[in-house]
1. For q values of 0.07, 0.11, 0.14, 0.18 Å⁻¹, compute log₁₀ I(q)/I(0) with the Debye formula on a Cα-only model of the chain, without solvent.
2. Take the Cβ-Cβ distance between LYS153 and LEU41 as r, set R0 to 45 Å, and report the resulting FRET efficiency rounded to the nearest 0.05.
3. Under a 1.4 Å probe, what is the accessible area of the chain per residue, stated in Å²?
4. Go ahead and estimate [θ] at 222 nm for the chain from helices alone: -39,500 (n - 2.57) per DSSP H run with n ≥ 4, summed, over the residue count, rounded to 500.
5. Each label point is 7 Å from the Cα along the Cα-to-Cβ direction; what then is the distance between the points at ALA195 and ASP6, in nm?
6. Springs between alpha-carbon pairs under 10 angstrom, Gaussian network model over the chain: which of GLN65, GLN115, GLN129 fluctuates most?
7. Tally Lys/Arg at +1 and Asp/Glu at -1 over every other residue whose Cβ is under 14 Å from the Cβ of ILE109; what's the total?
8. Given GLN129, ALA189, SER94, which one lies farthest toward the positive end of the charge dipole of the chain, if we put +1 on the Cβ of every Lys and Arg and -1 on the Cβ of every Asp and Glu?
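The values are calculated or read from the model by the stated rules, or taken from the named source; none is laboratory data. From a predicted model like this one, the values you see are computed outputs, not experimental measurements. Heads up, the Cβs are rebuilt from the backbone with ideal geometry, glycines too, and the neighbour counts pull from every protein chain shown. SASA here: full protein model, heavy atoms, side chains in, ligands and nucleic acids out. Shrake-Rupley method; radii C 1.70, N 1.55, O 1.52, S 1.80 Å.
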Amino acid sequence: MDDPADAAWDRELNDLFLRIGHRFGRADLRRRMRDYVRALLGPVGRKNGWQLAEYAGHHTPDGLQRLLNGATWNADNVRDDLQIYVAEKLGEDSGVLILDDTGFVKKGITSAGVQRQYSGTAGRTENCQIGVFAAYATTRGRALVDRELYLPKSWTDDRQRCRAAKIPDERTFATKGELARAIVLRALASPLPIAWVTAD
């Protein structure tokens, strides 16, 4: 990007940070959230804790890990703030909500929802997590606006495993289609103007 585009991108990102900052109760958490998001969007080869922390200028990933694992903030409230922001910046009456699932290949067995399952991203059965995502698109641009983690029955039937991964007890099994339906209903209740819904 050129300098004016960089400056515009930075202004918009700061506007978004101001909008969601109140969801993070302390100044140190707001700084970590900003560092984390900037690192996720930055030119980091592998988006693991160490490399994200290094890009953000941190000596270790401890602060970013505390933000994700120990800090009190509600991802659904941040999602709602984001949907309002996207509606204001990109919203058009002809807006389209686009749903798709995506796999994230994992090596271990403790990440929430991970098991051997088909991943369209990998094009084969892999040890992975699956997420159902929604993007919003108009002629003004596009943005991700919602997500749900798919939890296979091998997870939802094992409450001890779920608790170890910090999955709430009330979370029960839902198919990817059911997760997509919940996302669509939330989007229709949001300020996003939606004319069409499409899915793979």
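1. Here the Debye-derived log intensity ratios amount to -0.23, -0.61, -1.02, -1.56.
2. 0.85
3. On a per-residue basis, 60 Å².
4. Computed mean residue ellipticity for the chain: -13500 deg cm²/dmol.
5. Roughly 3.7 nm, to one decimal.
6. The residue with the greatest mean-square fluctuation here is GLN65.
7. +2
8. Value: GLN129.
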